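The values are calculated or read from the model by the stated rules, or taken from the named source; none is laboratory data. Only a predicted model underlies this, so the values are computations on that prediction, with no experimental measurement involved. Here the Cβ positions follow ideal geometry from the backbone for every residue, glycine too, while neighbour counts run over all protein chains shown. To get the accessible areas, we keep the full protein, side chains included, count just its heavy atoms, and leave off ligands, DNA and RNA. Shrake-Rupley method; radii C 1.70, N 1.55, O 1.52, S 1.80 Å.
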Amino acid sequence: MKKLLALTGTLLVALTCSSCGKEATSNTESFSPDISIEEINWSVGSGSVKGDNYVVMEYTNNSQLTIDSLTIQFTEKDGVTDDQRTALYSDIQQSQGFDDEYMSKWIESKTELNQPITMYGKCDNAVTPGQTSEQIKCYYYGGWTSKNVLHSDLLTPEKAEIHYEKDGIAYILYYNFESKLYNLEQE
């Protein structure tokens, strides 16, 4: 009995400590986000930034709150062909200036790990209600420039991360495009 009480006490302390720090709200049917993904009118396509062509993202904030930061992560669409992937890799190699040996090893590692093509766009400038962001350069694989690598048609949105403040409290709202679910975290 003493062991059971000690175990129960330990679990209570662990649960109490694990709830300290960031506050999170899980997805429930009654959860209504402060900013819905439908209030962010975003688009991705080819554009020119300072005379060079990039994959760019921009958005209009149609919510009632200022968005301090927005990141949209993209992943490879179903049905991307080997020829499309090869064209993307060739453009990345040329844009980044990678030699054949490096690029060959990199492609081999992606193939062995079955890793999809990824891209993200991130705007860290505050966008007030009704305002449209500037054109934001998108990046492949966590940071490779999209300069002259215009293959956004191979990708589909995966996740959005929206930073905003309400009543003096900073929040991060996550949205999953596939499940259509939100998750809210207090910063």
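Descriptive notes on the structure:
- Accessible area, probe 1.4 Å, largest first, for residues LEU184, LEU113: LEU113, LEU184
- On the range 142-187, 43 percent of the accessible area sits on carbon and sulfur atoms, based on a 1.4 Å probe.
- THR81 paired with ASN53, simple spin-label distance in nm, labels 7 Å along Cα-to-beta-carbon: 2.0
- In this view, the solvent-accessible surface of LYS180, computed with a 1.4 Å probe and all protein chains in place, comes to about 130 Å².
- Residues of the range 65-90 with an amide N closer than 20 Å to a point placed 7 Å from the Cα of ASN148 along the Cα-to-Cβ direction: 84-90.
- Distance between the range 75-109 and the range 133-187 - C-alpha centres, whole angstrom: 23
- Simple point charges give the picture: +1 on the Cβ of Lys and Arg, -1 on the Cβ of Asp and Glu, and for the range 121-161 a dipole about the Cα centre of about 120 debye.
- For GLU187, solvent-accessible area (1.4 Å; no DNA, RNA or ligand), Å²: 110
- The range 111-187 - accessible surface per residue (Å², probe 1.4 Å): 54
- Taking only alpha carbon atoms, the range 85-134 gives an Rg to Rh ratio of 1.22, where Rh is the Kirkwood radius.
- Working from the Cα coordinates of the range 66-187, the gyration tensor eigenvalues give, after taking √(5λ), semi-axes of 32, 16, 12 Å in decreasing order.
- Measuring how big the range 105-174 is from its alpha-carbon positions, Rg and Dmax come out at 15.9, 50 Å.
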